[in-house]
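See below for the structure under consideration.
The values are calculated or read from the model by the stated rules, or taken from the named source; none is laboratory data. None of the values given here were measured: they were computed from a predicted structure. Cβ coordinates were reconstructed from backbone atoms using ideal geometry, including for glycine residues, and neighbour counts include every protein chain displayed.
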Amino acid sequence: MGWGIRNFVHTGVFDEISRFADVAVAASTDLVPYFESLREAGRIAWIVELSSTEKRLSRLARQARKAVLQGAFGISTARIKWQEKARGSLGLAWRSAKWKTLCAISSPWQLNALERFEDRVDTSQQGPMPQRPSVLVNCSPFDPRDRQLQRWLQHDAVPSIAVIPSWDNPSTKGCISTGVNRVLAWGSFQKRELERYYPTIDSDRIRLAGIPQFDLYNQDLSAAFDRQQFFDRYSIPAASRVILYATCSERLFPREPEVVAHIAAATEQGRFGESAHVLIRCHPADRADRYREFCGNGRVSIFPSSVKSSQSLQSWTPPNLETTILAATLKHCDVCINTASTMTLDALACGKPVVNVAYDGDASLRYLQSVRRYYDFCHYRPITDSGAVSIAHSRQQLLDSIEESMRHPERFERQRQALLNSHCHRPPTGSVDFIVKEVKRVLAESAVSVS
């Protein structure tokens, strides 16, 4: 998907590897045209279209392994998502009982048995390749199509590197292949998580790589987007203090415009000072039209999603400047507001205070339909408990937290640094360089010469 392009193409990972090796790409059908343009430009050598079929037994084994992982370790995200589908109190009781049963009968040893079964039943052949790869860098190690390719290449003794693409993946997206030569984790917290879920993977094979798209946060962006250039781009008055609101997807937070309305009204009334300006940055799966009504007073601007209205996320190819603009947005804002999003870590990495929204606009929803449940998800609970961010459970708390964050941005600095140290490792020379060096090391271990 587009996040893979943003994280591995736009950050320069592909270009750096191409300095010592031919880069081939395995892509889904939707993204083949984009990578074909890179091939024509000489940036990659060839393309393989990922198989879109999955055998029924293989799919069942994959789904069973995911369920066992979630049950064996009592992953709260799975429990909440399972319960939120219940209809009525009887339905909730039934689903809760089934969840407890899953936890009682699930055991880590079953994961290995299911993986071996999956390897046996999935004998699918990948499409023709011009040559045998020297190493597979799997940027989507939880995707069944990518795992199918990885299994096929492992049978041909091709070493592999799994790059964990997001912080929630280990607890929500299923299971990775334990036959991998390296696993590149975001930070020490994720490494401990992987060690717990996959004890058969040697600890030294799980490396702290950081996050490639975070490298930009440590670079000078003045040549591309100094403060005035950035403000001009989004019609923000020159002396403004920027309240960045990073939206959720429309599906996950349908009432989000009500929360934005609360902030926009307070800004217009001067609650945050006469120079305060709200910049709404739309999630790729959100629509700018939902917020147009707030732009009439000149105190609100919108940064729309780069996903076109007729386009799916599966075929989304973010523009080349997407990551640079995101970095500039975070560097030039004064506070970042979001709902249990990765943007929390992005903003903290840029030294900005964060306010998380934990209420449902003008509605009063029960827990399993409320955004409150997101703060109990397995990957987000450490943020909830960290004290590094303000979590607003009401309109009043939200406005108070924004005001306090703009007056005292240094508040929670110690907690922010502790959270970053555990979740967002920063290799001395950057994540991109670290990933490239790991590719070289695996090539060297497999006796493939690298100049």
> So, of the residues in the stretch 137-159 that are over 17 Å from Arg62 (Cα atoms) and in contact (Cβ under 8 Å) with a residue 40 or more places away in the chain, which turns out to be surrounded by the fewest Cβ atoms within 10 Å (Cβ to Cβ)?
Replying inline: Pro159
> Considering the stretch 267-301 alone, what residues qualify as being closer than 22 Å to Leu399 by Cβ, surrounded by 13 or more Cβ atoms within 10 Å (Cβ to Cβ) and without any contact (Cβ under 8 Å) to a residue 24 or more places away in the chain?
Replying inline: Cys295
> Can you tell me which of Cys336, Cys378 is touching a helix residue (DSSP H, G or I) at 6+ places or on another chain (Cβ under 7 Å), surrounded by 15 or more Cβ atoms within 10 Å (Cβ to Cβ) and assigned to a loop (DSSP other than H, G, I, E, B)?
Replying inline: Cys378
>> Looking at Ser309, Ser249, can you tell me which residue is surrounded by 13 or more Cβ atoms within 10 Å (Cβ to Cβ) and assigned to a loop (DSSP other than H, G, I, E, B)?
In response: Ser249
> Out of all the residues in the stretch 182-194, which are part of a strand (DSSP E or B) and over 16 Å from the mean Cα position of the chain (by Cα)?
Replying inline: Arg182, Val183
> Looking at the stretch 86-108, which of its residues are surrounded by 15 or more Cβ atoms within 10 Å (Cβ to Cβ) and in a loop (DSSP other than H, G, I, E, B)?
Replying inline: Ala86, Ser106
> In the stretch 394-451, what count of residues is obtained for those that are loosely packed, with under 14 Cβ neighbours inside 10 Å, touching a residue at least 60 places away in the same chain (Cβ under 8 Å) and part of a helix (DSSP H, G or I)?
Replying inline: 2
> Out of all the residues in the stretch 318-328, is one or more within 17 Å of the chain's Cα centre (by Cα) and either acidic (Asp, Glu) or part of a loop (DSSP other than H, G, I, E, B) (or both)?
Replying inline: yes
>> Can you pull out every residue in the stretch 63-106 that is within 15 Å of Tyr197 (Cα to Cα) and either more than 26 Å from the chain's Cα centre (by Cα) or of a type in the set (Lys, Arg) (or both)?
In response: Arg65, Lys66, Cys103, Ser106
> Among the residues of the stretch 210-239, which ones are out of contact with any helix residue (DSSP H, G or I) (no Cβ under 7 Å at 6 or more places or on another chain) and crowded, with 21+ Cβ neighbours inside 10 Å?
Replying inline: Ile236
>> Would you confirm, using the coordinates I've provided, whether Ala363 is under 19 Å from the mean Cα position of the chain (by Cα), part of a loop (DSSP other than H, G, I, E, B), among the hydrophobic types (A, V, I, L, M, F, W, C) and surrounded by fewer than 20 Cβ atoms within 10 Å (Cβ to Cβ)?
In response: no
> Right, His283: in contact with a strand residue (DSSP E or B) (Cβ under 9 Å, 6 or more places away or on another chain), assigned by TED's automatic domain parsing to the domain that holds Ile243 and more than 24 Å from Arg372 (Cβ to Cβ) or not?
Replying inline: no
> Filter the stretch 189-203 for residues that are of a type in the set (Asp, Glu) and closer than 28 Å to Gln417 by Cα; which is surrounded by the fewest Cβ atoms within 10 Å (Cβ to Cβ)?
Replying inline: Glu195
> When you look at Leu153, is it in the same structural domain as Val13 (by TED's automatic domain parsing) and at pLDDT 95 or above, yes or no?
Replying inline: no
> Any chance the stretch 20-27 includes a residue that's in a strand (DSSP E or B) and touching a residue at least 24 places away in the same chain (Cβ under 8 Å)?
Replying inline: yes
>> Just to be sure before I move on: is Val354 closer than 30 Å to Asp220 by Cβ, assigned by TED's automatic domain parsing to the domain that holds Pro170, out of contact with any His (no Cβ under 8 Å at 6 or more places or on another chain) and surrounded by 21 or more Cβ atoms within 10 Å (Cβ to Cβ) in the structure I sent?
In response: no
> So which residues in the stretch 132-181 are part of a strand (DSSP E or B) and out of contact with any Ser or Thr (no Cβ under 8 Å at 6 or more places or on another chain)?
Replying inline: Ile161, Val163
> Could you count how many residues in the stretch 46-85 are within 24 Å of Pro382 (Cβ to Cβ), of a type in the set (D, E, K, R), in a helix (DSSP H, G or I) and touching a residue at least 12 places away in the same chain (Cβ under 8 Å)?
Replying inline: 2
>> If I filter the stretch 385-393 for residues that are assigned to a helix (DSSP H, G or I) and under 22 Å from the mean Cα position of the chain (by Cα), do I get at least one hit?
In response: yes
>> I'm told Thr178 meets every condition in (1) under 19 Å from Arg62 (Cα atoms); (2) surrounded by 19 or more Cβ atoms within 10 Å (Cβ to Cβ); (3) not hydrophobic (A, V, I, L, M, F, W, C) except one. Can you identify the failing condition by its number?
In response: (2)
